[in-house]
Amino acid sequence: MTEALKIPKLPGKKRREAKQAVQDALSDQRHFPCPSCGADLRFHPGEAQMVCTHCEARVPVPDVDDAAAHIEHDFHKFLKDDLKRPEIEVSALNCSTCGASVEFDPDEHSRTCPFCDSVIVADVSTQRKLVPQGLLPFGLMEKEAQAALRDWLSSRWLAPNDIEEESKADKFNGIYVPIWTYDSTTTTSYKGQRGRSVGSGKNRRTVWTNVSGTVTGSFDDVMVSGSASVSAEFKDALGPWPTHKLETYQTEFLAGFRAENHTVGLAEGFAQADRFMKVKITDWIRADIGGSRQRILSSSTSHANQTFKHILLPVWITHYSLDKKRYRLSVNGATGKVYGQRPFSMLKLFGASAGASGVMAVLGVMLSRAMGA
Amino acid sequence: MDSMLGFIASLALATLLLVGLGVPIIKRLTLAMEGHFEFSGDSLTKRSRLAGFLYFTAWALVSVLAWSFFADWFFTGSLEYALTLLALKAEIVIRILAELGSD
Ligand SMILES: [Zn+2]
Ligand SMILES: [Zn+2]
């Protein structure tokens with residue numbers, strides 16, 4: 001889907017010039033100058049407006065009908081390229097460690113990957129990419145994300161004491177992560193066997209009868225990450241997402257934030273959605289076969305009414321250090337749900353194990369006495 | 001007393017082993033419990049959560065059997081008798097598990 005126009009490896013000055021040209025061409029898409037002082041406006045989470053970083057002037061985000069964000073696009077038409085959709089050119093920083101491709105912000109001096117925390121050595125490239133149709137705007141401000149993080153850390157079981165004070169969180173990166181959602185109506189014909197048990201005790205066995213049938217069902221908005229990077233874990237871990245609050249894509253919502261690019265294509269994404277659907281369909285087949293046990297010998301599924309949406313979801317990401325180890329934490333930018341890696345206190349774990357062992361020992365002695373009697 | 005020394009040494013070794021084994025198992029259980037309350041019903045994380053609960057159950061079961069074996073040994077003073085009882089208990093547990101598994 002994205003066609004990378006890598007800047008060739010030019011030495012020294014030429015290379016810097018090429019980079020500068022890319023940055024100049026692209027930086028103004030995302031910049032909204034303040035009407036009163038000219039400084040940058042940033043999107044203000046939780047409100048449909050942008051706020052000036054300098055004088056606090058407020059400019060509302062243009063009110064656009066959100067219908068476009070909820071449109072289901074025809075999957076096959078799109079693959080055949082009948083569906084022309086707007087494309088934009090973006091400059092991207094590509095992380096060679098985790099595979100994330102993040103929009104490059106010339107003002108952002110940190111060259112660490114916001115997802116995996118490794119130093120990005122890969123280069124800036126320009127990519128043509130489809131404009132997402134919609135996004136879920138950030139509803140939480142950075143300090144609210146920080147508060148959610150502190151609450152989450154302090155409620156971890158068997159974690160070191162003073163974990164909140166000890167953990168030194170870096171700044172939070174507000175990033176829109178790419179998502180595909182798929183709808184499909186499925187018809188699955190199957191051949192299988194229904195098992196029922198006969199006899200009792202040692203003579204119990206299962207008798208199998210051949211069965212076949214068809215199950216139909218429909219899936220609505222099966223979510224698949226549009227990226228194979230670290231951000232793929234956020235889709236489930238930070239869910240559920242209030243997708244009814246989707247807004248039509250407008251760059252104003254991205255002012256002051258960054259977006260990760262879709263690196264998983266539309267068809268590739270559907271293959272992932274299909275794996276999820278297969279699990280559900282298997283359940284349907286088992287229910288359809290009935291009996292006490294089921295065997296599925298073969299099944300084939302056809303899809304109809306396949307549609308998709310191409311959207312962005314908001315995530316606050318940070319990394320924190322504790323005892324020289326780095327942990328990654330993410331906060332759902334819309335709901336405040338936290339997901340992350342957490343530390344354990346070895347001492348507390350040992351204590352818990354010893355305590356549980358004490359309980360088992362009492363039970364063991366009771367068992368011994370009960371049998372002895 | 002020779003057998004008393006053997007008893008204490010075995011008990012100490014088993015305690016160390018079971019408590020030590022419990023550390024990673026309780027870690028997994030904690031993650032599974034936290035995930036249980038916080039994650040939406042995702043089938044992939046569900047499997048690893050289930051594994052967390054299963055490991056803990058297995059550890060608890062083995063622990064109870066081990067402690068009851070030491071209790072038998074202590075109260076009867078016969079290692080042979082305690083071992084026979086342990087084999088019997090293990091067989092009962094396995095039979096119950098097999099019964100559960102077949103349903
Ligand atoms: Zn201003
Ligand atoms: Zn990375």
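The values are calculated or read from the model by the stated rules, or taken from the named source; none is laboratory data. As the structure is a prediction and not an experimental result, all values here were calculated from the model. Neighbour counts run over all protein chains shown; Cβ positions are idealised from the backbone, glycine included. Just so you know, the surface numbers come from the protein's heavy atoms only, side chains and all, with ligands and any DNA or RNA stripped out. Shrake-Rupley method; radii C 1.70, N 1.55, O 1.52, S 1.80 Å.
Within the range A:188-246, being hydrophobic (A, V, I, L, M, F, W, C) and within 16 Å of A:A287 (Cβ to Cβ) holds for A:V211, A:V215.
The residues of the range A:124-167 that are small (G, A, S) and open to solvent by 10 Å² or more (accessible area, probe 1.4 Å), listed by number, are A:G139, A:A147, A:A148, A:S154, A:S155, A:S167. Screening A:E72 on (1) touching an Asp or Glu at 6+ places or on another chain (Cβ under 8 Å); (2) within 13 Å of ligand 1 (Cβ to nearest atom) shows it passes everything except condition (2). For A:E268, are the conditions met, namely being out of contact with any His (no Cβ under 9 Å at 6 or more places or on another chain) and crowded, with 18+ Cβ neighbours inside 10 Å? For A:E268, the condition - out of contact with any His (no Cβ under 9 Å at 6 or more places or on another chain) and crowded, with 18+ Cβ neighbours inside 10 Å - is not met. Go through the residues of the range A:348-367 one by one and say whether even a single one is in a loop (DSSP other than H, G, I, E, B), at pLDDT 90 or above and within 13 Å of chain B (Cβ to nearest Cβ). No.
Restricting to the range B:57-103, and then to whatever is open to solvent by 50 Å² or more (accessible area, probe 1.4 Å) and of a type in the set (F, W, Y), can you tell me which residue is nearest to B:L21 (Cα to Cα)? Here the answer is B:F74. Filtered by the rule that a residue be more than 28 Å from B:S3 (Cα to Cα), part of a helix (DSSP H, G or I) and not hydrophobic (A, V, I, L, M, F, W, C), the range B:53-103 gives B:Y55, B:T57, B:R95, B:E99, B:G101, B:S102. Within the set A:F270, A:F253, the sole residue that is farther than 23 Å from A:F172 by Cβ and either at pLDDT 90 or above or assigned to a loop (DSSP other than H, G, I, E, B) (or both) turns out to be A:F270. Take the conditions (1) closer than 30 Å to A:K80 by Cα; (2) open to solvent by 30 Å² or more (accessible area, probe 1.4 Å); A:F308 misses just one of them, which is (2). Taking the numbered list (1) in contact (Cβ under 8 Å) with a residue 40 or more places away in the chain; (2) open to solvent by 10 Å² or more (accessible area, probe 1.4 Å) in turn, A:Y176 passes all entries but (2).
With the requirement that a residue be within 23 Å of A:S353 (Cβ to Cβ) and without any contact (Cβ under 8 Å) to a residue 40 or more places away in the chain, what does the range B:61-88 give you? Scanning the range B:61-88 gives B:L61, B:V64, B:L65, B:W67, B:S68, B:F69, B:A71, B:L86. Taken together, the residues in the range A:84-143 that are assigned to a loop (DSSP other than H, G, I, E, B), of a type outside the set (D, E) and either modelled with pLDDT under 80 or more than 16 Å from ligand 2 (Cβ to nearest atom) (or both) amount to 20.
Among the residues that make up the range A:227-238, is at least one of them part of a helix (DSSP H, G or I) and away from every other protein chain (no Cβ under 14 Å)? Checking the range A:227-238: at least one residue is part of a helix (DSSP H, G or I) and away from every other protein chain (no Cβ under 14 Å). In the range A:319-333, what count of residues is obtained for those that are more than 10 Å from A:A145 (Cα to Cα) and away from every other protein chain (no Cβ under 14 Å)? The qualifying residues number 9.
For a quick check of your reading: which strands (runs of 3 or more DSSP E) sit entirely within the range A:1-77 and have at least 3 residues that are modelled with pLDDT of 55 or more and open to solvent by less than 40 Å² (accessible area, probe 1.4 Å)? So the answer is A:41-44, A:49-52.
Residues in the range A:319-373 that are surrounded by fewer than 16 Cβ atoms within 10 Å (Cβ to Cβ) and touching an Asp or Glu at 6+ places or on another chain (Cβ under 9 Å): A:S321, A:D323, A:R326, A:M371, A:G372.
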